[in-house]
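In what follows, a single structure is set out as C-alpha cells and then discussed.
Every number here is computed from the coordinates shown, using simple stated rules; none is lab data. Here the structure is a predicted model, which is why all the values come from computation and not from measurement.
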Amino acid sequence: MKKGIVLLLSILVFAGCSGQKKATDSTIKVEYKAYSRGFYQVVTIENQMVFITKTRDEKPVAFKIPIADWKSLNMAIQELDLELLSQLKAPTEKRLFDGAAIANLKITKQGKTYESQSFDHGYPPAETEKIVNKILSFVK
C-alpha cells in the first residue's frame, strides 16, 4: 500500500514538473535595441510586460500591455520565419554614416535565440516591419 502511494505521488510530481517546463519553453521574448552616439533605446517584451530603457545607465521602466497587443505581436512573430531572421537585408544604409541609429531585433522562442543583422532605426526589413512597428508603438 505504501509503495503504491509513493509511486503515485512520484508520478504526479514528475508530471507537474514536465508541464511547467512546457509552459516555460513556449514563452517568447523580444528585444529591440537602437543606439548611436547620442541615442540609446532598448525595448524588451516578455510575458505581456514591456521594459523600456532610454539611456545606458538607466534602469528599465516596466508596464503591462493589453492582451490584444500581446496577441497581435505573437501573431506577427508566428508569421515570420525566424530561421531566416539573420539573413534579412536592411532596406537602407543610413546607419553607416550616422544618418540613423543602428538597430537590432532579437527574438527568443522556445529557448532558441534568433537575431537580425543591424538595420536603420525606423527602417526595418519589410519582413520584420510589422513586429518593429508594434514594438515601437509601446515606446510612444
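Using a cutoff of 8 angstrom between alpha carbon atoms and counting only pairs six or more residues apart, the relative contact order for segment 30-140 works out to 26 percent. For the cross-link pairs Lys71/Lys94; Lys54/Lys89; Lys71/Lys134; Lys89/Lys130, the ones whose C-alpha atoms lie over 21 Å apart are Lys71/Lys94; Lys54/Lys89. Kirkwood radius for segment 35-127, taken over all pairs of different Cα atoms as the inverse mean of 1/r, rounds to 14.6 Å.
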